[in-house]
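First comes the structure, then the notes that go with it.
The values are calculated or read from the model by the stated rules, or taken from the named source; none is laboratory data. Keep in mind that what you see is a predicted model, and the values were worked out from it rather than measured. Positions of Cβ are backbone-derived with ideal geometry, glycine not excepted, and every protein chain shown enters the neighbour counts. For the accessible areas, the whole protein counts, side chains as well, though only heavy atoms, and no ligand, DNA or RNA atoms are used. Shrake-Rupley method; radii C 1.70, N 1.55, O 1.52, S 1.80 Å.
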Number of protein chains: 2
Amino acid sequence: MREAYHVELDNLAENLARMSSQVADAMERATRALLDSDLGLAEQVISDDVAVDNARADCEEQAYALLALQAPVATDLRVVVAALHAAESLERMGDLALHVAKAARRRHPDPVLPEPVRPYFAKMGEVDVRLARRAEDVIRSKDIEVARSIETDDDEVDDIHRHLFTVIMDKDWPHGVAAAVDVTLLGRFYERYADHAVSVARRIVFVVTGQMPGSSGGSEL
Amino acid sequence: MREAYHVELDNLAENLARMSSQVADAMERATRALLDSDLGLAEQVISDDVAVDNARADCEEQAYALLALQAPVATDLRVVVAALHAAESLERMGDLALHVAKAARRRHPDPVLPEPVRPYFAKMGEVDVRLARRAEDVIRSKDIEVARSIETDDDEVDDIHRHLFTVIMDKDWPHGVAAAVDVTLLGRFYERYADHAVSVARRIVFVVTGQMPGSSGGSEL
């Protein structure tokens, strides 16, 4: 029974790792679609999202199977529930990448981003993707130090995000309200994606170690 | 065993109902704080949020107790997991009300909202609060028709939210970029709150009936 439990838990972790990789790819492509006004890439992110939703449904089924067949208690039980929550966050990260791709598609062939904010989004995209790839890493390597590095990266996204606001709120912003609205929403998507990545990393640390790190993160406006 | 299970499940449902009521109060007060630039009310929402977080932790503990002591299978198991997800959405609704309250506090004593968008927020606040109160209703009355009405109300919030964008994107918007950014983020908070309320209602229908209604909702930009 214990052995069957660990085999099934490994399968569930493998699925979470694959979801992390999927949502990292999605955000990488969505960011390129956004920066290069690449409609084909945007469409690909949009059509690939269903695979993330399916992977999440698979994780839920595996978690149910673990709970129903193994009836875990104490830490084992919390580990399975943590995996359920991680799957939910990963699906949400996929949705946020999808929102970015849809913004790129909506304005095509016009660029969504005025020139001065492009570097911010290139950077936020880079960090977001790194966060999701680290989440995958943590699951596969069970290296807790990697998990901890995720929180530092999240701080970086928050800093860029804050700075972005000072750029668009500047009295001399020449790109108008519509562009500022797009930038505001897109900035929010990148920031939330990073928040969810931190939440996933924390859950994964728990899945791997049975111990929850620090206090809970989350978006502060 | 079956009887103990149902007693504990009723306790868990009672806690979810109380959380629904807390986050409805929070959004009602946050909206008034926003519309009336009422700093005291904003502070109250901000300090009350910890009670929502605690209630969510209580729900998790009750769910763990149910899973560990009763080892439910099949539908019973899914009902407990649905309650866990509902508690997570309710906590997030509390966070969104908190964001609204913080926006009111940040700009105090200035109003956050330019005059022409105030009615939109008054209306979105009203519908959001009604959604959360209906979620509470559904849990207590187990009336599935009420649960279904929640989706109609969510459509109303989406409509107002879309219309709000046409107002701030209008070439003649005279209130500048900073106000537009505030309005964009606040609009997003009200829209996400409604999305989560729909998700809670769906989970609750499942907790009450053992059947999940329709396909999954969620925010489409």
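Quick notes on this one:
- For B:Leu66, the conditions (1) without any contact (Cβ under 8 Å) to a residue 12 or more places away in the chain; (2) more than 21 Å from the chain's Cα centre (by Cα) are fulfilled apart from (1).
- Conditions (1) more than 27 Å from B:Asp182 (Cα to Cα); (2) in a helix (DSSP H, G or I): number failed by A:Pro109: (2)
- Residue selected from segment B:67-96 under the condition among the hydrophobic types (A, V, I, L, M, F, W, C) and in contact with a Phe, Trp or Tyr (Cβ under 7 Å, 6 or more places away or on another chain), by the criterion surrounded by the most Cβ atoms within 10 Å (Cβ to Cβ): B:Met93
- Residue within segment A:140-147 that is open to solvent by less than 20 Å² (accessible area, probe 1.4 Å), within 30 Å of A:Asp10 (Cβ to Cβ), in contact (Cβ under 8 Å) with a residue 60 or more places away in the chain and of a type outside the set (Val, Ile, Thr) present: yes
- Test result for A:His99, within 7 Å of chain B (Cβ to nearest Cβ) and touching an Asp or Glu at 6+ places or on another chain (Cβ under 9 Å): yes
- In the set (1) away from chain A (no Cβ under 12 Å); (2) open to solvent by 20 Å² or more (accessible area, probe 1.4 Å), the condition left unmet by B:Val23 is number (2).
- Residue in segment A:115-137 that is within 13 Å of chain B (Cβ to nearest Cβ), in contact (Cβ under 8 Å) with a residue 60 or more places away in the chain and open to solvent by less than 30 Å² (accessible area, probe 1.4 Å) present: yes
- Some residue of segment B:157-165 being out of contact with any helix residue (DSSP H, G or I) (no Cβ under 8 Å at 6 or more places or on another chain) and either more than 14 Å from B:Ala13 (Cβ to Cβ) or of a type in the set (A, V, I, L, M) (or both): yes
- Screening B:Pro72 with (1) within 13 Å of the chain's Cα centre (by Cα); (2) not in a helix (DSSP H, G or I) gives one miss only, at (1).
- Exactly one residue among B:Ala82, B:Ala104 is under 24 Å from B:Asp182 (Cα atoms), within 14 Å of chain A (Cβ to nearest Cβ) and touching a residue at least 12 places away in the same chain (Cβ under 8 Å), and that residue is B:Ala104.
- Matching option when the condition is within 23 Å of B:Lys123 (Cα to Cα) and either at pLDDT below 90 or not hydrophobic (A, V, I, L, M, F, W, C) (or both), among B:Asp95, B:Asp48, B:Asp76, B:Asp58: B:Asp95
- Scanning segment A:151-175 for residues that are more than 7 Å from every other protein chain (Cβ to nearest Cβ) and either open to solvent by less than 30 Å² (accessible area, probe 1.4 Å) or part of a loop (DSSP other than H, G, I, E, B) (or both) yields A:Asp153, A:Asp154, A:Val157, A:Ile160, A:His161, A:Leu164, A:Asp170, A:Lys171, A:Asp172, A:Pro174, A:His175.
- Residue in segment A:42-66 that is farthest from B:Ala82 (Cα to Cα), counting only those that are facing chain B (nearest Cβ under 9 Å) and open to solvent by 10 Å² or more (accessible area, probe 1.4 Å): A:Asp53
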